[in-house]
Structure formats: C-alpha cells, structure tokens
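See below for the structure under consideration.
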Amino acid sequence: MPRATPAPLQLLFPPISLPLKYKPQPISHLTFVRSSIPCPPAVYRNSSTDYPHITTPLPPPSSIYIHLPFCRRRCHYCDFPIIALGSSSSHYDDDPRINTYIRLLLREIRATKPYSSLQLPIKTIFFGGGTPSLVPPRLIASVLDTIRTKFGEVAADVEVSMEMDPGTFDAGRLEEMVGVVGVTRISLGVQAFQDELLRECGRAHGRREVDEAIELVNSSHGLRSWSLDLISSLPRQTEEMWEESLRLAVSAGPQHVSVYDLQVEEGTKFALLYTPGEFPLPAEAQSANFYVMASETLKLAGYEHYEISSYCKPGHECMHNITYWQNEPFYGFGLGSASYINGVRFSRPRRLKQYEEFVKDLEAGNMSAKSNASIVEDKEMAMDVVMLSLRTAKGLDLKSFQRSFGESVVLSLCRAWRPHVESGHVVALDEERKAISIGKFDLELNGDCQLGRRVAFLRLSDPEGFLMSNELIAVAFGVLSP
Amino acid sequence: MRALYRSSRFVTSTLRPLLYESYRFGTLLPLIGGECSFCSHSREKSREGALDLSQYPPERIRNFSIIAHVDHGKSTLADRLLELTGTIKKGHGQPQYLDKLQVERERGITVKAQTATMFFRHKFQQHEATEKENAPNFLLNLIDTPGHVDFSYEVSRSLAACQGVLLVVDAAQGVQAQTVANFYLAFESNLAIIPVINKIDQPTADPDRVKAQLKSLFDLDPNHALLTSAKTGQGLEHVLPSVIDRIPAPPGKCDSPLRMLLLDSYYDEYKGVICHVAVVDGALCKGDKIASSATGHVYEVSDIGIMHPELTPTGVLLTGQVGYIVSGMRSTAEARVGDTLHQAKSTVLPLPGFKPAKHMVFSGLYPADGSDFDALNHAIERLICNDASVSVTKETSTALGMGFRCGFLGLLHMDVFHQRLEQEYGAKVLSTIPTVPYIFEYSDGSKVKVQNPAALASNPGKSVTACWEPSVIATIILPCEYVGPVITLCSERRGDQLEYSFIESQRVLMKYQLPLREIVVDFYNELKSITSGYASFDYEDAEYQKSDLVKLDILLNGQAVDAMATIVHNLKAQRVGRELVDKLKKFIDRQMFEISIQAAIGSRIIARETISAMRKNVLSKCYGGDVTRKRKLLEKQKEGKKRMKRVGSVDIPQEAFHELLKVSKE
Ligand SMILES: Nc1nc2c(ncn2[C@@H]2O[C@H](COP(=O)(O)OP(=O)(O)OP(=O)(O)O)[C@@H](O)[C@H]2O)c(=O)[nH]1
Ligand SMILES: [Mg+2]
C-alpha cells in the first residue's frame, strides 16, 4: 500500500463541503492501512452513541460504475432508471438517443474532479443497465478512453464487466466488445430457460436467443469469465422449471452464476398484478425452497456460494461487486447511478432531464444545496459494514469492526445475535474459520476472557441464515442504532 | 321496585319551599361588615381586579349544575347562558365553550365538569329599587357536567358545590337512563330541581309527553318545567330568573371561620396545582395561610379568583362563592379532592367531603413504542393531577416491564385517560385487557382481591373455595317493541331482572342486576344495535355476587404471558380462550421459528394455534451499489421491531395487545 500524503482539502466529487471531522492529520500519523473492511481508521469509543472523529481521508476509489439505461422495453419486474427504445427497430446502433446520452455521460466524467492527486489505477469497471449491450461498441470504447484520460491508465488486470442480454449481440459484436473494446467479463441476463416465463416477465428474448447467446459467449476468446444470471420465484414458475433452469445453467458452464429472488417493487407492472406469496407468485415456502435448491445444486456443481445471490468457480468472484460488499469507495457515472467517495454517498437524478441539468451544474462548478448527497455518519457506516459484509460468505470481520467501532458494540452485537447463533442462522468462526459451538460462544460472551479472542468472524449460515438476512441485519441495526 | 320507592320518598319532600332561602335575605345583610373584619384587606385586594366580590353576599349568589342524559344539550345551554350574561361573546369561540379538552371536542362529549361564574342583573323583589341602576346584582356559578355514566362521579362532586340543578331533558327523546340517575343524585343531595325541556325546536319535540314523564317518574310539577331551545335561544330568558327565584342561596355562615371544599384540581405547567374550591363558610384572601384537613399541610394562597370563564384574579373569595386558588401545591397527593381547607390558625370541623371514587375496571398501562417508563410515569403523574378519579399503583410484568395498574370508573373513562395521556402529555401507552376486581377465597380461609389477573396464581397449591364478582344495578329505558331482544341480551349476560315498569304507554324501564364484567365491554354497543339506538342505559354499583370463575392463561411457546391473563366465567372460558388465540394468531407476525399459542386453565389447554416459521426474508439484489436505499429499508424493518414487545423469544406487535382488549366481551 502506498503511504498517503495528506490531500489538500479541495472539494471532492460531488463538491459539497466536508465536515471538520475529515480534517487531515500531520503526515506522521497518516498511515492508512487498508483492511479487508475499510472502516474509519480511528477507534470508536466505548459508547454506543459517541463515535470517534475520523481524522484521515478515506482511500480513493478504484472502481467505476457506469449506467447505460437503454432497453428494448421495460421488463415487468423492473424499477431501475431505464430508457425503453421500443422493440420495433432491431438495430439501435445509430439511435440518436444513445448518442446523445453517451455524450452527456462523457461530459459528466470529464467534469468530475478526480479524488486526489494520488488516484490509484482503476481496477474494476462495470457497465450496468438497462441493457449495456445495446450500446454500440465504439461508444463503449469512447467511455473507456475518457476514463483513461481522466483517471490514468487502468490496472493491467482490470476487470471490465458488462451486462448483456440474449438477442442483443452476434458473434461480431461480441468479438468487438471483448477483443477491441476490452470487456473482460460478461453478465448474461438469461433470467429463465422457459419461454412462457420469459414472456410472463416481459423479457425481449426467448429460449432460442438464450441458447444462441450461451454458445456465442462460450466460443468467445479473451473473456476471463462470464456469469449466467437467473431469477427465481417468477410468476407461474414451478419446481420442475426451476430445477431445469439450474441444470441448464450448470451445463452452460459459466464461471459465475447470479441468482436473484424476484422482488416485487412498488410501481412495477408486477406490483400492480400480483401480491408476494400469492398465486401466481410462489408461496413463501416455495420461494425459500427455490433458494435452497439453487444453493445445493450449484454447490454440488463446484460453485462457491460466496454472496447471498452469487456463486462462482474458485477465483471468479465479481471483483466489482466485492467493492460494494467490502464497503469500499467507487465512482458512479450516468443516469441514476450511485457513488461513494470519501465517505459521501450520492445518487444521481433518475430522470434524463434532471440528469442533464446535474451535468450542466457540475460543469459550471455549482453543485449547491440541491445535490442529493449525504455524508455517511459513523453510525451509518457501521450499519453499512454489517449489512454488506453479512451478504458474503466471509461474513463480518469482528477484529476489524472492533478496531473501527469499539469493543462494546461488538459485544452487544454478539449478545443480540446469541439466539440466532444458537438456532444456527448465524455462525461464529475462529481465526481459522472453524465454527465455534454455542457453548464456547457463551463462555466468551459471559466469561471474563476478552471477547474477540476466539470469535473472529460472524457469518450467516447457508442457506438458512442467508434466507433470513433482512431479519438478522435488522436485529444488528437495533444494536447499532437503538 | 326501587324507582317507585324513591319516587314515593320524593313526594314527601317535593314541597320543600324553593324560595325559602331568599326570605332570610334581610337578616343576613348586616353580616357583610362582619365578614370584612375577618378579612380586613379584602377591599383593597379586590380593587386590584375589576371585580369586587364583596358586592355579592350569599343571598346574591346562586350555585347550580346543569345535569342531563348524554347529549341532551347541557354544554350548549351553558354556552347560551354564558353569552346571555356577557361572560363570553356571542358567536366567538367554539360551540360547547366549556368542553375545553381535545378529547371532549373530538368526541363531542363532556368528560370533566367545568365551572364558570356569571354576573346577572335581575329584579328580584320589590325592595330592590335602591340598587344602582344597571349593575349586575347576582353572581351565578354554573357547573356544566358530563352526561355519560362513567363520569357520574364528576356530577356528584359538582353537586356538592350547588344548591340546585337544571335537569335538562331532550324534548324529543324524553327521560333517559342518565336523566333518572342524575335526577336521583340531585334529589338525594336535597337540591332544588328545575326541569328544563330542551331542544323544543326539533320537529319531533313533544314537550307535553316529557312533562308527563317528569310527573310520573319524579313527581315534578309540569308547570314548573321550562321550555327551551339552546339552539335557537327560544325560552332562554326564563332560565336565569328561575335559577334566582327557585334555587336557594348558599347556606354558609359569613362570620364563621373559613371552611372550603376542594372540588377539583388540575395542573398548570407554570402555576402548579390549581384548585377549584367552594367557600362554604367564612372568607379567603390572597396571601392567607391555609391548611388541609386531610394532611395538615399549610400553604400560602398566592393567587385567588373566579372562573369568568377563564381564571380571573379577584384577591378574595367570600362565603358561598366558587373559584380557584393557587397555593404552591405540587401534586394531587396534596390536592385531595373532597378535602376541607381552612385558615391555618383556626381549627374547623371538616366538611363531609366525597365518597371515594369507585373503580369499576382495572388495566395495566405500559410504555409503548420503545418509550421509557420514566416518561410514562411523568405523564401519568401530571394527568392524575387533572383527573383525580383514577387510581394508580406501580406494577411489573415480565412481558411488558415496569408499568402501572390503573383503576377507572368505566371503559369510556379508560379510553379518555389513554387519549389524554397521548394527546396532552405525548405518552405512548400500551394497555392490557381490562378486568373488574374479583375476590377469591381459598381453603385456608384467606381472601384476595384481584385487580390484576396475572397476580392470581395459576396453580396456587390450595383450592379455591369461593369466588365473587362485582355486580351492578342497571337501568334500561326503551320503547316496548325492543323488550324481547333486550331481555335475551341481559340473560345471556347472566343478568337477573329486578324491575319492569311502564313509564308511559310505550316506554319501559327495566332494572337488572348484572355482573359488572358483563357490561364493561361491549354491552352498551350491543344494546344500542339491537334497539336501533332507542335504548338508554345507566348503572350503579351493587354488591359482590358468588360466581364460578377461572383464570385463563395465554401461553406463547409454552410460556405464560402475564399481561395477557384474564379471569372469566367458567362457562365462557372455552369461547374466550378460542377468540384470544385466534386474535393473536392474526396479529403476531411469523418469526424465524414456529410459535405455538395456547389458552389454558391451570394445566389444561383449551385452545391452541401455531404460527409457522418465516421461511424467507432476503433482498437478494443489491443493485449498482445503491447502499443507502437498502440501508433505509432495513432501518424501517428495525423500527418495526422497536414497536414489538418481546416475550421470551417471541416478538408481539403492540396491535396484538390492543386487539385483545376487544375480545374480552366473553
Ligand atoms: N336542535 C337542537 N339541538 C341542540 C340543542 N341543544 C343542543 N343541541 C345539539 O345536541 C348535541 C349535544 O349537545 P351538547 O351540548 O354537547 O350536549 P351535552 O348534554 O353537553 O352532552 P354530554 O356533555 O356529552 O353529555 C349537539 O350537537 C348540539 O348542537 C337544541 O336546543 N336544539
Ligand atoms: Mg356536555
């Protein structure tokens, strides 16, 4: 790790004034250790409300999220900021809406001040959407060029991920994206292998496009890994269908599988039509069963369940997503995208018109009160760390958490979770990641031997704990923010 | 045949000369000077304010209450009288001016008696000609009282400060149950009764019918009834002259040492406790040192005055007057309603005071929404300064933590108390199932009075030899076509008919002895619905009756929840147990484990349900790093947990407790 020099307290992106607590310390005190969970480096005092003053700037981001909102049409479960182009034309490469948007996006990137002079090489870039594969490769290339101009040469082993939908690319376009533009990882939005389910969700592709896309991706050279994305608990999805989807997913041979459980979001077509847990949506027990089936099938096929909804062959984790789960900073560009820079979370406008205005303001350097930025308070930071790390198989690193937020919080957290350790939803692990029995956990909780000596990690069990993650995280929140 | 018995008693006293007090007029006049020697600086003091109370010796004072059945127009009539005397401006302020509490305005009912002093000019007798032309020559104290049965305690206290009443009867509805009850309260206190038939503007008004009822039920002379419309103002001009002519002046002695009755008290953030008092004998000035007969404590009167209609300092209060004092009392433990206050230097024979309030229902009050005990404690302490009729003792529940066991005059009173705690003191409360006070007797001869079912051991180790429950005598007045269903209802509620009589050709008065438990919840609603609202109902407490009672426990995952225990009649235990269990099943959310809900009598399970474990609660996608949105979602979930009460390992939403209140109808 490079030793940081104190950054001049210039306004970072987005330019809002920083609170005093971020004041840099003299050089001699500034050793920035990047632990696996970056937390404010100062120690949290032994009280639940009195958080310490963070005295060092947080590390610069080395991840970038780019939002490309275009879709052929809106899927019935989708509530993301997207722009539906309409299914009539099958060729969007010269669509002026795409060109205009990309120009705006480039302006945003250019107008952004880099975090500091010590920008580290960018390690991950993620093109999400929308359907990024609808955007012509040359435009994607221009985005990457602008990033290089702005943030310097990217890391040699940079991960460039792109979400691609079946039916939006042919061999040539894929080769261009991979070979010319430099995409290293593809996230293929298969969602289901059954035509009737795909129709039900309003997807623009069918089973035939799915099979074609899998073949294309598998025969492409130069991809480091690809992910096959599935959705479970779709309306009218049966156990047989889900079993078939999992089987076909495994035989497609991706290095990575994402399994998302359908969330009926407010304002979507599904929300209008259906009630969670009621037909044609599967009952809660059935949808839990789907989750368990995925976990079992994929583990049996050699995938690690490394995050609530992510599975991969060893070494094929999505590095970009790991940035989020480790609560590390990242840039975000484009409509509705979120960024997290130097302890400030910011979400860009979700409507094109307002986004355009935002870019103009950014260029003019007047990002005043209307900006939708929030400094993440220490308490919220602790909540974020818990919420995000518990999504992962690694779990919450108690030593690092204790360093940042203090011993008493860790103790209260263990107390609050004790019944769940007992029921097996939460697993206490030692330094060697061996599970600790409830008896020994209790000893440590009540005995005078200092906590943290043995219990090094707390994670949610797979699949039962993962299935209850909201409930369990809410319990932890009750401790962090009473 | 109680009503008849009472009526016959009434006949003997009905000829009490309504005007006789006024004939004592002349003999009292010379005493005014004497009174002033008792309170030498009263004149200067009174000059401070615009009001000189010394102009109003007892013979120029009338103290009266307005009493009636619910909604017959007491508060509206009070408005008109306050306007007529210029005490409030016409058309200013809200209707029912004296209903000041938010709960009164929201519910459109009076729950607290309110006093207002008015000044009125009246040519009284011929020899008044010497008076200055236009000066008001009478001081009138009006007390507006609640009509609802729960608050009849307020009525009886108010009557202690009065020599007469306006008995208001709705011209269309006629005499109703609380008319009867309130009539007897006034009658038994030997007060002059002026019947006022109100709402004569209504198309269905039938004053003659009401006059006939007044005659037959109360033996009140139909010619003495006043006919009014508090809405249109019709007939109002006769009200105050009748008050002056027909209600006696207060009988106190101006030259005796001060004796005053503490009528009511409330707490003011700035002034501390404000006491409403009726000066029975003697006089009181600002700065005087007074003592409480009950506690012996001495206080200095720092402010004194009348309610005109707001607090108006006068520097003095003289014999027969009703007003307020501020004396540095800090709590109701000091300001005891019914206490006699006197000059610290003298000793007096205390006034009779009031019967203690009879608490009909008890329930536990606990802090809700994660609020703390201290906040609730503070709120309750403040509110009981304004509502002395609640009894409060601390109690602890394993399910709900530290809280209070409160006794109320009835369920409406309980509701109003909750609402006031929340609206006026910002407290958040959770209440347990209301219960009536039972008595259990054991084989070893010991007896316990049970105000909290949880306190009754489920397996006491000694056998219960007898149990008793409180009963009431209920009066129901209804059109005769509804008699059948009402009799069925009363026998379902384990009632015994005591009386059945026609108050006129088509109207029936029934009296029943009923277990209090049976009428506490839901009886009145049921009665209203089976009689299309035409029945009225009132009750007074009666003696304890032997009964076959059992304690019903609610168990969650095998663990009894003390705050959910109830005592029920053996024959109804099965049904109540089933209903409680069903309600809980509906309101307890699924949790990470299976939950069993059981109702049990001792170790016998009489109803059972299970709530299956929650199977899934996960947000699988955390898209594009929008962490804030997800955090907020989970924070909401956490807030939801705060609104739960944890019993053992089971989280129970507060709504579940509220819902249980509704089941207890047996
Ligand atoms: N038509 C008509 N309505 C009246 C008259 N007097 C009162 N009311 C109406 O009757 C309703 C009840 O009046 P209140 O004055 O609140 O009755 P109350 O007796 O004080 O009621 P409680 O204090 O709850 O017992 C209100 O809607 C009044 O407007 C009247 O003379 N004529
Ligand atoms: Mg009223």
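The values are calculated or read from the model by the stated rules, or taken from the named source; none is laboratory data. Since the model is a prediction, treat every value here as computed from it, not as a measurement. Reconstructed Cβ throughout: ideal geometry from the backbone, glycine too, with neighbour counts over all protein chains shown. We work out accessible area using only protein heavy atoms, side chains counted, and drop any ligands, DNA or RNA first. Shrake-Rupley method; radii C 1.70, N 1.55, O 1.52, S 1.80 Å.
For the reader, a short list of remarks on this structure follows.
- On Cα atoms only, tilt of B:2-13 relative to the major axis of chain B in degrees: 10
- Cα shape, region A:379-480, gyration tensor, a/c 1.5 rule: rounded
- Annotation: amide H-H contacts under 5 Å for B:VAL280 (H modelled 1.01 Å from N, sequence separation of 5 or more, or interchain): B:ARG259, B:MET260, B:LEU261, B:GLY320.
- Accessible surface ranking that places the most exposed of A:THR392, B:THR347 first, with a 1.4 angstrom probe: B:THR347, A:THR392
- Degrees separating the helix B:373-386 axis from the principal Cα axis of chain B, which is the longest one: 30
- Burial annotation for region A:274-288: residues with an accessible-area loss of at least 50 Å² between the isolated chain and the complete set of protein chains, computed on heavy atoms with a 1.4 Å probe, are A:GLU284.
- Taking a straight Cα-Cα cut-off under 16 Å and skipping sequence neighbours fewer than 8 places away in the same chain, the aspartates and glutamates within cross-link reach of A:LYS269 are A:ASP79, A:GLU200, A:GLU278.
- The GluC sites (Glu not before Pro) of region A:136-191 that meet both conditions, a loop assignment by DSSP and at most 15 other Cβ atoms within 10 Å of the site Cβ, are A:GLU153.
- Inter-part distance, region A:201-233 to region A:405-434, computed on C-alpha centroids, equals 39 Å.
- Three-way shape label, region A:224-332, alpha-carbon gyration tensor, a/c 1.5: oblate
- Secondary structure note: in the protein assembly as shown, about 70% of the DSSP beta bridges are antiparallel.
- For the segment A:474-480, counting C-beta atoms of other chains within 10 Å of every residue's C-beta and taking the mean gives 5.
- Whether region B:61-108 is rounded, prolate or oblate, judged on the alpha carbon gyration tensor where a/c under 1.5 counts as rounded: oblate
- Long-range HN-HN contacts of A:LYS113 with modeled amide H, under 5 Å: none
- A cut-off of 5 Å between modelled amide H atoms, ignoring neighbours fewer than 5 places along the same chain, links B:ASP170 with B:ASN198.
- Rounded to 0.05, the FRET efficiency of the B:ALA212 and A:ARG199 pair, given R0 = 60 Å and the Cβ-Cβ distance, is 0.15.
- For region B:272-280, backbone phi angles converted through the Karplus equation (6.51, -1.76, 1.60; θ = phi - 60°) give residue-by-residue couplings of x, 6, 10, 9, 8, 9, 10, 7, 7 Hz, Gly and Pro being listed as x.
- Set of lysines with alpha-carbon distance to A:LYS123 below 27 Å, sequence-local pairs under 8 removed: A:LYS113, A:LYS150, A:LYS313, A:LYS394, A:LYS399, B:LYS621, B:LYS630
- Residue pairs, from the table B:LYS89/B:LYS231; B:LYS253/B:LYS345; B:LYS199/B:LYS528, whose Cα atoms sit over 20 Å apart: B:LYS199/B:LYS528
- Each residue of region B:553-570 was assigned a 3J(HN,Hα) from its phi angle through the Karplus expression (A = 6.51, B = -1.76, C = 1.60, θ = phi - 60°), giving 9, 10, 10, 10, 6, x, 9, 5, 9, 4, 5, 10, 5, 9, 10, 9, 5, 3 Hz with x at Gly and Pro.
- Whole-Hz Karplus values for region B:338-343 come out as x, 5, 9, 9, 8, 4 Hz, taken residue by residue from phi with 6.51 cos²θ - 1.76 cosθ + 1.60 and θ = phi - 60°; glycine and proline positions read x.
- The angle between the Cα long axis of helix B:177-188 and the longest principal axis of the Cα atoms of chain B comes to about 50 degrees, rounded to the nearest 10.
- Think of it as helices only: each DSSP H run of n ≥ 4 in chain B is worth -39500 (n - 2.57), and spread over all residues that comes to -8000 deg cm²/dmol at 222 nm.
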